[in-house]
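What follows is a set of notes on a single structure, which appears directly below.
The values are calculated or read from the model by the stated rules, or taken from the named source; none is laboratory data. It should be emphasised that the depicted structure is a prediction, and the values quoted were computed from it without experimental measurement. As a convention, Cβ positions derive from the backbone with ideal geometry for all residues, glycine included, and neighbour counts pool all protein chains shown.
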Amino acid sequence: MFGSVLIANRGEIAVRVIRACRLLGLRAVAVHSVADADSAHVRLADTAICIGPAPARQSYLDQAAILAAAEVTGAEAIHPGYGFLSENAAFADRVEEAGLTFIGPAGATMRVMGDKIAAKRAMRAAGVPCVPGLDEGLPHDPGRVIEIAHDIGYPLILKAAGGGGGRGMRRVDREEDLLDALAVTREEGRSAFGNGEIYAERFLTHPRHVEIQVIADAHGHALWLGSRDCSLQRRHQKVIEEAPAPGIEPSQLAAVGERCAHACRQIGYRGVGTFEFLYEDGAFFFIEMNTRLQVEHPVTEMTSGLDLVELQIRVARGERLQLRQDEVTCRGHSFECRLNAEDPVTFKPSPGLITDWQMPGGPGVRIDTHAGPGYRVPPYYDSLIGKLIVHGATRDDALARLRAALDEARIEGIATNLPLHRRLASDTVFCAGGVDIHYLERGMSGGVA
Amino acid sequence: MFGSVLIANRGEIAVRVIRACRLLGLRAVAVHSVADADSAHVRLADTAICIGPAPARQSYLDQAAILAAAEVTGAEAIHPGYGFLSENAAFADRVEEAGLTFIGPAGATMRVMGDKIAAKRAMRAAGVPCVPGLDEGLPHDPGRVIEIAHDIGYPLILKAAGGGGGRGMRRVDREEDLLDALAVTREEGRSAFGNGEIYAERFLTHPRHVEIQVIADAHGHALWLGSRDCSLQRRHQKVIEEAPAPGIEPSQLAAVGERCAHACRQIGYRGVGTFEFLYEDGAFFFIEMNTRLQVEHPVTEMTSGLDLVELQIRVARGERLQLRQDEVTCRGHSFECRLNAEDPVTFKPSPGLITDWQMPGGPGVRIDTHAGPGYRVPPYYDSLIGKLIVHGATRDDALARLRAALDEARIEGIATNLPLHRRLASDTVFCAGGVDIHYLERGMSGGVA
Amino acid sequence: MDPEKIKSLIEAMAASDLAEMEFSEDGWSLRLVRRHEGTVPRQASSLPAARGFARLKPVPKPPDGAAQASEVLSPTFGIVYLGPAPGAPPFVSTGDHVTAGTTICILEAMKVFQEVKAGRHGVIAAVTVATGDEVEAGQVLARFA
Amino acid sequence: MDPEKIKSLIEAMAASDLAEMEFSEDGWSLRLVRRHEGTVPRQASSLPAARGFARLKPVPKPPDGAAQASEVLSPTFGIVYLGPAPGAPPFVSTGDHVTAGTTICILEAMKVFQEVKAGRHGVIAAVTVATGDEVEAGQVLARFA
């Protein structure tokens, strides 16, 4: 069992992981780039070490530097956070080869889940509902491709097996466009991801993004910890998340949640993870599994009363989960707003000096951040500067708290998306619950976003 | 039903009440002294009005100025917070006479509860357990006084009926000291509180301070919302509070809680209130009722999931409590540390400029404060600059979170009692639970406090 | 203090589109703030700075009138790239003739790339930054001769 | 960077009673912080100021050596009372002879009252504050002739 953790990340998630280490009495080792020398995670850690210059590929993505930092600081485990190296199976393998604990699933598991076709096949085998379509690559025979597409039905979507995050995808509405679209997508997959394998799925026109949080220990015990709705997105980036997913029968969520926990047992999953689904016309369709902690994990913490990072570290230490599925409850409702350093209208990034920073407090309000007054948002990394999280007894109560909290928040010196969040929190359609993933980009109810 | 609330207070509680107003869509009117012109409650309110110079008796205690401020700003209700005018029955009457709503019980109720003998009599009539002793003033006949004292037993304590907060009390250990002590206490009561009535009670030697939170609407519905332990005190000032009171059977707490709710119905109580008890050798003894919101209300909010200020305002608006007693639950455990601008060893006040202010965040942490970096703590009012509140699944979990949160907190520029809180959060006797009210002043387990 | 005057101020505020109003007389002061309502976004920049809290100097905005400028200024805080790719020749060098619209450099902020173009024609006297430099909004990137 | 050197620094830190250590070489830097443990209180004042966060100037501490001072300085931030009660004559006036220990004024902070006494004998040339004034720590309250 390890007694120290190196956090291979920066920003709010590094702060979040250090807090969990502090809670568990583990020594926290921060790594940082030159640009982050004054950052909160450096200040809060027990040991901090600079691993390279500002650009991420020379610091937070430099596997050798991180392993060297672990060696010299005597860190016994590595927490990857999210982003950066968190879903890099080769890095997980190297960490374990170095005799350290990677706080996450085994590299082999990450490899399966990183291949969209393999993941879909595993999920179908575990009884997790998937989007109609073949769980293998399309053949080269054009006639066979047309037959398969006909069985799936139009509109359908072609996806490169190695793609993700909205890249390597093409929608096809009519049979006559199919073969050309396939050729282009195959070429894209080859050049962008080194993998020309393409699969086809039914294209959903107005789905919601609903996901299931899971956790599994190394002793075959797996639980699902609740649902989240993350449909408010812009360019595949989540903007506001909530738990539980509104307007879906708890019994239906429980049924799909149980399937996810079952899948974890089948694939020998270990750690926290998220099953992402599209939800349309009352049905769930698996899209992918994230084999790491999510940005939006706090909304599940607020409704379940569990500390996901604490549990994640405990299972990585080999502890058995003491929790039974029937002890996992959902109390009230929670929202999370991602606070980004960006223009609320043009979405242009806005790094720079924060001259005034006032966050709300009081009952039902939680702030996760590395920023504060006088913090200079560097231009090298993503624009997330904090998360404003609220909890209320009901969804309406949580929305009222969200509006009050956003009204109180003030950030000066840089542009942020606070005005967008204020607008969303008062948007009648969003407040009614259950908007689809295109809602924000369509411009909400009032006009252009 | 009022649509605007004037908050006749300052500091963190004014901020807390403004947040509840915002949540309920009520217009919040702040009043402030010249010294508080730049304070957070002024900034957060919809309307702010200066009511006088810095000293409290010329501003926050100036009833005429507050009523004038309500008139000119069109405020329809007045929230007194705690301290200042919050337990002033004459003020409550004046507010109602001006046609405004006083957010608290009727002046008549406050008068009964403000007289310790009358309060005790009312409690005994409602079946609330009281400290052994007469619920009427001691007679003037010395022989009768000696008889009564003999029946109560020694050590006993003489209390001026008009006293409170540790003043107007005198412990008597032996019969031969009784009459002299009575004469002195009677004189003190006359000169300090204008009331020479004295009563006698058994003196408890190692009691805990345990209290019951109640709420009652104007329609005869009253509930108890949980217990708190506030035994960690210094000079009758609470330092750390927790909910629920540890080591007491839930069934015993429920029995005394039910008695308190019953007493509220009997006396026609309206609003939030607290029944304070001494708890010794497994028995509860009523000491007094606070007819207002308490500083420590957040620990009850954290464990019950209820917003006490929201409920308080709702019942003041005449709404019926929708909650049933069996829906009031206690989840996990919560602690509150009062952050004071004072030397952690000498307790000397330390007003002045806060040059650095970093508060913890993340799961289970709540901060209620009006302070921040650059805030100048004025020398005119009390030393409370904020409250650090944590919630955990169990008492031990909450303690671990408390230690981690305190470790992360940093306040520079002024002295604060953070070091004392850190020491208490690691004190083995306090961590075991159930220390008595003398524990802190005796110097904790390690030596002098 | 005249209650009627203050009441009329509150009414005047309600009828206006003002965000904030302050008034003082005879030692009394009144401050009114209008909260944003419904879906009308309130621009953060239109808010008054907090009083009594730490305030630091904001970064100066670059001046307008680039057409007449003798310098090319950075429009934003970001990282400079003088050429289109590592190892590629720079967009411009000292002595180069440029016209309005010639790319001077690229600025990166949070993975978004933005070209900085010359605002007028002229001869480049000096490029005052290097690839990888962090530049402030308003900082000089290049000078005209 | 020499891993052995860094390891030995970490060990040296563990064996010492240092609260913080920083080391840098060849572009690497290492910062070690010891957290307080158990019941040992860590004085807030011994902590390093945060880096990268707003810092304001702390109030200057009054200098030592009051015995030689030509002024009486305020020991704390507080409110001045020149006399023992409203309307009562002041403790000292210009021209008064005082000795070490003579009360100059009372300072109030948060309902706690503290007498300020002369540190030496001498003649009061001026009392520089008035009842009700807010004074800073280190501010001059009175001057000796």
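A compact table of results
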{"read-out": "Given (1) more than 7 Å from every other protein chain (Cβ to nearest Cβ); (2) touching a helix residue (DSSP H, G or I) at 6+ places or on another chain (Cβ under 9 Å); (3) farther than 23 Å from A:ALA409 by Cβ, index of the condition B:GLY318 fails", "value": "(2)"}
{"read-out": "Set A:GLU296, A:GLU301, A:GLU280, A:GLU288: member being modelled with pLDDT of 95 or more and surrounded by fewer than 23 Cβ atoms within 10 Å (Cβ to Cβ)", "value": "A:GLU280"}
{"read-out": "Any chance A:ARG186 is in a strand (DSSP E or B) and either farther than 30 Å from A:HIS333 by Cβ or not charged (D, E, K, R) (or both)", "value": "no"}
{"read-out": "Tally of residues being in contact with a strand residue (DSSP E or B) (Cβ under 9 Å, 6 or more places away or on another chain), part of a helix (DSSP H, G or I) and touching a residue at least 60 places away in the same chain (Cβ under 8 Å) across the stretch A:293-321", "value": "14"}
{"read-out": "Residue in the stretch A:23-35 that is over 21 Å from B:ARG401 (Cβ atoms), more than 10 Å from every other protein chain (Cβ to nearest Cβ) and modelled with pLDDT under 95 present", "value": "no"}
{"read-out": "The stretch A:39-57, subset under 20 Å from A:GLY386 (Cα atoms) and without any contact (Cβ under 8 Å) to a residue 60 or more places away in the chain, residue surrounded by the most Cβ atoms within 10 Å (Cβ to Cβ)", "value": "A:ALA45"}
{"read-out": "Options D:GLY83, D:GLY38, D:GLY119, D:GLY101; residue that is on the phi > 0 side of the Ramachandran plot, modelled with pLDDT of 50 or more and either surrounded by fewer than 16 Cβ atoms within 10 Å (Cβ to Cβ) or not assigned by TED's automatic domain parsing to the domain that holds D:SER8 (or both)", "value": "D:GLY101"}
{"read-out": "Number of the exception - A:ALA341 against (1) more than 28 Å from A:HIS79 (Cα to Cα); (2) among the small types (Gly, Ala, Ser); (3) buried (at least 23 other Cβ atoms within 10 Å of the Cβ)", "value": "(1)"}
{"read-out": "Members of the stretch A:43-67 found to be part of a helix (DSSP H, G or I) and more than 7 Å from chain D (Cβ to nearest Cβ), listed by number", "value": "A:LEU44, A:ALA56, A:ARG57, A:GLN58, A:GLN63, A:ALA64, A:ALA65, A:ILE66, A:LEU67"}
{"read-out": "Test: residue in the stretch A:9-18 that is in contact with a strand residue (DSSP E or B) (Cβ under 9 Å, 6 or more places away or on another chain), closer than 17 Å to B:MET359 by Cα and either without any contact (Cβ under 8 Å) to a residue 12 or more places away in the chain or part of a strand (DSSP E or B) (or both)", "value": "no"}
{"read-out": "Pick from the stretch A:331-380, criterion within 14 Å of chain D (Cβ to nearest Cβ) and among the charged types (D, E, K, R), ranking: nearest to A:THR394 (Cα to Cα)", "value": "A:ASP356"}
{"read-out": "Criterion (farther than 25 Å from A:LEU424 by Cα and within 12 Å of the chain's Cα centre (by Cα)) met by exactly one of A:GLY268, A:GLY273, A:GLY257", "value": "A:GLY273"}
{"read-out": "Enumeration of residues in the stretch A:266-291 that are closer than 17 Å to A:ILE117 by Cβ and part of a loop (DSSP other than H, G, I, E, B)", "value": "A:THR291"}
{"read-out": "Residue match in the stretch B:177-199 (condition: closer than 27 Å to B:PHE347 by Cβ and either crowded, with 17+ Cβ neighbours inside 10 Å or under 20 Å from the mean Cα position of the chain (by Cα) (or both))", "value": "yes"}
{"read-out": "Spans of helices (runs of 4 or more DSSP H) in the stretch A:105-167 with at least 2 residues under 19 Å from A:THR185 (Cα atoms)", "value": "A:116-125, A:142-152"}
{"read-out": "Any hit, the stretch A:251-262, residues being modelled with pLDDT of 95 or more and either part of a strand (DSSP E or B) or in contact with a Lys or Arg (Cβ under 9 Å, 6 or more places away or on another chain) (or both)", "value": "no"}
{"read-out": "Complete set of residues in the stretch B:378-405 that are farther than 24 Å from B:PRO55 by Cα and either of a type in the set (Gly, Ala, Ser) or surrounded by fewer than 24 Cβ atoms within 10 Å (Cβ to Cβ) (or both)", "value": "B:GLY392, B:ALA393, B:THR394, B:ARG395, B:ASP396, B:ASP397, B:ALA398, B:LEU399, B:ALA400, B:ARG403, B:ALA404, B:ALA405"}
{"read-out": "Meets criteria (in the same structural domain as A:HIS391 (by TED's automatic domain parsing), at pLDDT 95 or above, surrounded by fewer than 23 Cβ atoms within 10 Å (Cβ to Cβ) and in contact with a helix residue (DSSP H, G or I) (Cβ under 7 Å, 6 or more places away or on another chain)) for A:VAL239", "value": "yes"}
{"read-out": "Count of residues meeting criterion [modelled with pLDDT of 95 or more and part of a strand (DSSP E or B)] in the stretch A:189-222", "value": "10"}
{"read-out": "Residue identified as surrounded by fewer than 12 Cβ atoms within 10 Å (Cβ to Cβ) and either under 29 Å from the mean Cα position of the chain (by Cα) or not β-branched (Val, Ile, Thr) (or both) among A:GLY163, A:GLY153", "value": "A:GLY153"}
{"read-out": "Cβ-Cβ under 6 Å pairs, at least 6 apart or on other chains, the stretch C:102-126 side under 24 Å from A:TYR381 (Cα atoms), far side part of a loop (DSSP other than H, G, I, E, B) and among the aliphatic types (A, V, I, L, M)", "value": "C:ILE104/C:VAL92; C:ILE104/C:ALA118; C:CYS105/C:LEU82"}
{"read-out": "Those residues of the stretch D:122-138 which are under 19 Å from D:GLY83 (Cβ atoms) and surrounded by 16 or more Cβ atoms within 10 Å (Cβ to Cβ), in sequence order", "value": "D:ILE124, D:VAL127, D:VAL129, D:ASP133, D:GLU134, D:VAL135"}
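Residue-by-condition table, conditions (1) of a type outside the set (Ser, Thr, Tyr); (2) at the interface with chain D (Cβ under 8 Å from one of its Cβ atoms); (3) in contact with a Cys (Cβ under 9 Å, 6 or more places away or on another chain):
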| position | (1), (2), (3) |
| --- | --- |
| B:ILE389 | yes, no, yes |
| B:ALA393 | yes, no, no |
| B:ASP396 | yes, no, yes |
| B:ARG401 | yes, no, no |
| B:GLU412 | yes, yes, no |
| B:ALA415 | yes, yes, no |
| B:ARG422 | yes, yes, no |
| B:VAL429 | yes, no, no |
